[in-house]
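**Student:** Quick one: this structure, given as structure tokens, is what I'll be asking you about.
The values are calculated or read from the model by the stated rules, or taken from the named source; none is laboratory data. Everything quoted here is computed from the prediction, not taken from an experiment. Neighbour counts run over all protein chains shown; Cβ positions are idealised from the backbone, glycine included.
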Amino acid sequence: MTAINGFATRIQNRPASYVFNVLYFTSNLGLVFGTLAVGFVLPLGITIVFALAFAMYLLLFAIWLGEYRGRSQVRHAVPGDAPKSRVHFAMPVITVLITLIIVWVFYEQWNSNISAYMLGMGLKVRDYSFLWTINAVIIVTFQPVLTFFDDWLSKHLNGRIYSGIALLAVSFPLLIVAHHYSIFIASMAILTLGEITALPAISTYVDRFAPESQKGRYQASSRGVLLVVVLWDHSLVP
């Protein structure tokens, strides 16, 4: 994903915000089809599931060989790029990476503590799994709407990030009073709306402030934040 985001910064015929919106949409479209496929294939045996996953990675490898080979040349700095590289964008990028750490620390609770909490309440594994189906369906449904209004949202990028993070935050107090499955559904719906509003916008924000020769590197930094948080969070869960 870090490599894909890095290559995405090189697309010149579309605004960066549009590119990251589409990337976010397609990755979650794959999640919808993947989870649906597993539901049908799993009864045939877990071996079939792993074999299909391996086949999909072979297809991905073929696409990369055919479409990306020879396109990894290092970008050269443009005039006026280097002087800004440490001053102009340093604080905005550092600030947004700190924001990402906070966002992912809480988001990852859905993959660890909240699942255990739901099972402790007597809910079933399929109830928890269905929440992620809702997550994917909302993303696939509403992300194209945000992409349609991309020009307007790009002009209000800070507001988009603020609104998305606010929705992410609001989803968690609901869990305090979640004594019925419908509350978990409502919390997941709000969380997902915040996710599609804020997270692609953060990638756009990093792209906007990074110097031309360093765009891929700082996209990689934003993905690295997620990896660190996932490892840290799951190290705390028995």
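**Student:** Looking at Val103 and the list (1) free of Cβ contacts under 8 Å to residues at least 40 places away in the same chain; (2) hydrophobic (A, V, I, L, M, F, W, C); (3) surrounded by 13 or more Cβ atoms within 10 Å (Cβ to Cβ), which single condition is not satisfied?
**Tutor:** Against the list (1) free of Cβ contacts under 8 Å to residues at least 40 places away in the same chain; (2) hydrophobic (A, V, I, L, M, F, W, C); (3) surrounded by 13 or more Cβ atoms within 10 Å (Cβ to Cβ), Val103 comes up short only on (1).
**Student:** Could you list all residues from the stretch 65-93 that are surrounded by 12 or more Cβ atoms within 10 Å (Cβ to Cβ) and either at pLDDT 70 or above or in contact with a His (Cβ under 8 Å, 6 or more places away or on another chain) (or both)?
**Tutor:** Tyr68, Pro92, Val93
**Student:** Does Ser203 satisfy being modelled with pLDDT under 85, farther than 30 Å from Leu36 by Cβ and assigned to a helix (DSSP H, G or I)?
**Tutor:** No: the conditions fail for Ser203.
**Student:** Another question about this same structure. Give just the number: which of (1) touching a residue at least 40 places away in the same chain (Cβ under 8 Å); (2) at positive phi does Gly45 not satisfy?
**Tutor:** (1)
**Student:** May I ask you to verify whether Ala62 is under 23 Å from Ala136 (Cα atoms), in a helix (DSSP H, G or I) and modelled with pLDDT of 70 or more?
**Tutor:** no
**Student:** Among (1) surrounded by 13 or more Cβ atoms within 10 Å (Cβ to Cβ); (2) not in a helix (DSSP H, G or I), which single condition is Gln12 missing?
**Tutor:** (1)
**Student:** In the stretch 168-199, which residues are free of Cβ contacts under 8 Å to residues at least 24 places away in the same chain and aromatic (Phe, Trp, Tyr)?
**Tutor:** none
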